[in-house]
Amino acid sequence: QVHLVDSGGGLVQAGGSLRLSCRTSGRTFSPFVVGWFRQAPGKEREFVATMSWAGPYSDAADSVKGRFTISRDNAMNMVYLQMNSLKPEDTAIYYCAARSSGSLSRYPSQYAYWGQGTQVTVSS
């Protein structure tokens, strides 16, 4: 079993920054892929960013590329999402996720483990 607990959301003004955290525990991530997704009211769950737990591979959605950065701290079993230059359209519940694979994926259905979600609200 794998347990994910995400946190760090809040209310920020447009142009501001937030750093989301995801604490992982349970099964080792070897090989494992971790990612971030978001879901706004009335919209489908949307891919944000992903990276391999080990190795150099990462991917990010065009809508956040250059503004958001996914990172990890393997020793601390932590995954982060640094969000800069936030826009109102970034408002959503953000979820960290993991899958037992060495391949990156943008599809929520391919992630078996999920955090509880943390709300990010960006005001104008």
When only C-alpha pairs under 8 Å and at least 6 residues apart count, what is the relative contact order of region 1-87, in percent? 32 percent
Compute the Rg to Rh ratio over region 1-65 from the alpha carbon atoms, using the Kirkwood formula for Rh, and round to two decimal places. 0.99
Using the charge dipole of the chain (Lys, Arg: +1 at Cβ; Asp, Glu: -1 at Cβ; taken about the Cα centre), state which of 76, 97, 21 has its Cα farthest towards the positive end. 76
Taking H placed 1.01 Å from N in the peptide plane, check which residues at least 5 places from residue 91 or on another chain put their amide H under 5 Å from its amide H. 122
Per-residue HN-Hα couplings for region 88-101 [Karplus 6.51, -1.76, 1.60; θ = phi - 60°; Hz; x = Gly/Pro]: x, 5, 7, 4, 4, 8, 9, 10, 8, 8, 8, 9, 8, 7
Here region 67-74 yields Karplus 3J(HN,Hα) values (6.51, -1.76, 1.60; θ = phi - 60°; whole Hz; Gly and Pro given as x) of 10, 10, 9, 8, 8, 9, 10, 4
From the phi of every residue in region 7-14, what ³J(HN,Hα) in whole Hz does the Karplus formula 6.51 cos²θ - 1.76 cosθ + 1.60 yield, where θ is phi - 60° and glycine or proline is x? 7, x, x, x, 9, 9, 7, 3
Which whole number in µm²/s is D for the chain by Stokes-Einstein, with the Kirkwood Rh taken over Cα pairs at 37 °C and 0.692 mPa s? 231 µm²/s
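May I ask you to compute the full-extension gain from residue 5 to residue 110, defined as 0.36 nm times their residue separation minus their alpha-carbon distance, rounded to one decimal in nm?
Once the chain is fully extended between residue 5 and residue 110, it gains 35.9 nm.
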Apply the Kirkwood formula to region 31-103: the hydrodynamic radius equals the inverse of the mean of 1/r over all pairs of different alpha-carbon atoms; give it in Å with one decimal. 12.7 Å
Placing +1 on the Cβ of each Lys and Arg and -1 on the Cβ of each Asp and Glu in the chain, which of 48, 119, 7 has its Cα farthest towards the positive end of the resulting dipole? 7
Where nothing but the Cβ of Lys and Arg (+1) and of Asp and Glu (-1) is charged, how large is the charge dipole of region 31-113 around its Cα centre, in debye to the nearest 20? 40 debye
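Each reported figure results from applying straightforward, stated rules to the coordinates on display, with no laboratory input. Being a predicted model, the structure only gives us computed values, none of them experimental. Note: ideal-geometry Cβ built from the backbone for every residue, glycine included; neighbour counts use all protein chains shown.
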